[in-house]
Amino acid sequence: MEAVLFFAAALGALGGAIGVVAMRNPFYGVLALIVHLFSLAVLFLLLTAAFVAAAQVVVYAGAVMVLYAFVVAYVGGEEEPSFDPIPGQRFLAPLLGAALFIELSIAVLGSSLTALSTHGPDVSAGFGNPAAIGKLLLERFLLPFEASSILLLLAAVGAVVLAARRDTA
Amino acid sequence: MNVEWYVVLSSLLFAIGATGILIRRSPIVILLCLELMLNAGNLALVAFSRMVGNQQGQVFAIVVMVVAACEVVIGLGLIVALFKRRLPLDVDALKELRG
């Protein structure tokens, strides 16, 4: 059952990722990314990370993707021209991507990772639930938590400054 | 499921995102591919957190989500500003800062 869920979610995540790269219309790319994010949330649930999965669905697939959809609708989903500024870019880039994947796989699988128990230890029932994560965030990681809230505030102010300026040029 | 499957899937997703950044030229799609790469990193963090049996990796993943949200907001703000100034939305045409 777990394997079936894993492969279904992995296929969804891969399909969504390839859709983001391959779709010519940015709006379809946004929709493909939503599929990708939902599949990742399923994977997080399989990894007993309930709070991260919920945050993924609510924050990412909900709020951030709505932001993307609004901006694509505002800018207009124009398709990009199909000529290559660098000759052979369309063939070289997938080759480089494949090389990166092979390198990463060698680095990960060739390391001492396999020496550890590959199934992971048995975890208690409360592993990764909102209470446990909230306790960690408010006790051990209080400073990073506050710093990230300041970062969010700065980003919001920055977006308003960037996007709300009247046309002066 | 072995944790290695998750890590290999994560590196595959990361490579797909990097390929997308190399191929595509629309800044919106490049931001979407950045999301792919950040999420691949998140998947690896959560998988390792499960492997070690420690929840701190999940806190890491949440902080990565916060950073990704900030990056999206700033990036989309830049795209809207570009659009308002009627500049082309093509990263190859926007090269004034190139030395």
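Return the residues of the range B:7-16 that are within 7 Å of chain A (Cβ to nearest Cβ) and farther than 14 Å from A:Arg90 by Cα; say none if nothing qualifies.
First, the residues of the range B:7-16 that are within 7 Å of chain A (Cβ to nearest Cβ): B:7-9, B:11-16.
Within the range B:7-16, B:Val7, B:Val8, B:Leu9, B:Ser11, B:Leu12, B:Leu13, B:Phe14, B:Ala15 meet the criteria.
With the condition kept exactly as written, say whether any residue in the range A:92-105 is within 20 Å of B:Gly53 (Cα to Cα), at pLDDT 80 or above and either exposed (fewer than 12 other Cβ atoms within 10 Å of the Cβ) or more than 18 Å from the chain's Cα centre (by Cα) (or both).
Initially, the range A:92-105 is screened for residues within 20 Å of B:Gly53 (Cα to Cα), giving none.
No, that holds for no residue.
Table: residues versus (1) in contact (Cβ under 8 Å) with a residue 40 or more places away in the chain; (2) in contact with a strand residue (DSSP E or B) (Cβ under 8 Å, 6 or more places away or on another chain); (3) not in a helix (DSSP H, G or I).
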{"site": "B:Leu36", "(1), (2), (3)": "no, no, no"}
{"site": "B:Met65", "(1), (2), (3)": "no, no, no"}
{"site": "B:Ala69", "(1), (2), (3)": "no, no, no"}
{"site": "B:Gly75", "(1), (2), (3)": "yes, no, no"}
{"site": "B:Leu89", "(1), (2), (3)": "yes, no, yes"}
{"site": "B:Asp92", "(1), (2), (3)": "yes, no, yes"}
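How many of the residues in the range A:133-143 are buried (at least 16 other Cβ atoms within 10 Å of the Cβ) and either hydroxyl-bearing (Ser, Thr, Tyr) or without any contact (Cβ under 8 Å) to a residue 40 or more places away in the chain (or both)?
The initial filter retains those residues of the range A:133-143 that are buried (at least 16 other Cβ atoms within 10 Å of the Cβ), namely A:133, A:136-137, A:141.
Of the ones still in play, those that are also either hydroxyl-bearing (Ser, Thr, Tyr) or without any contact (Cβ under 8 Å) to a residue 40 or more places away in the chain (or both) are A:136-137, A:141.
Final tally of qualifying residues: 3.
The values are calculated or read from the model by the stated rules, or taken from the named source; none is laboratory data. Because the structure is a prediction, the values reported are computed rather than measured. Methodologically, a virtual Cβ is constructed for each residue, glycine included, from the backbone with ideal geometry; neighbour enumeration extends over all protein chains shown.
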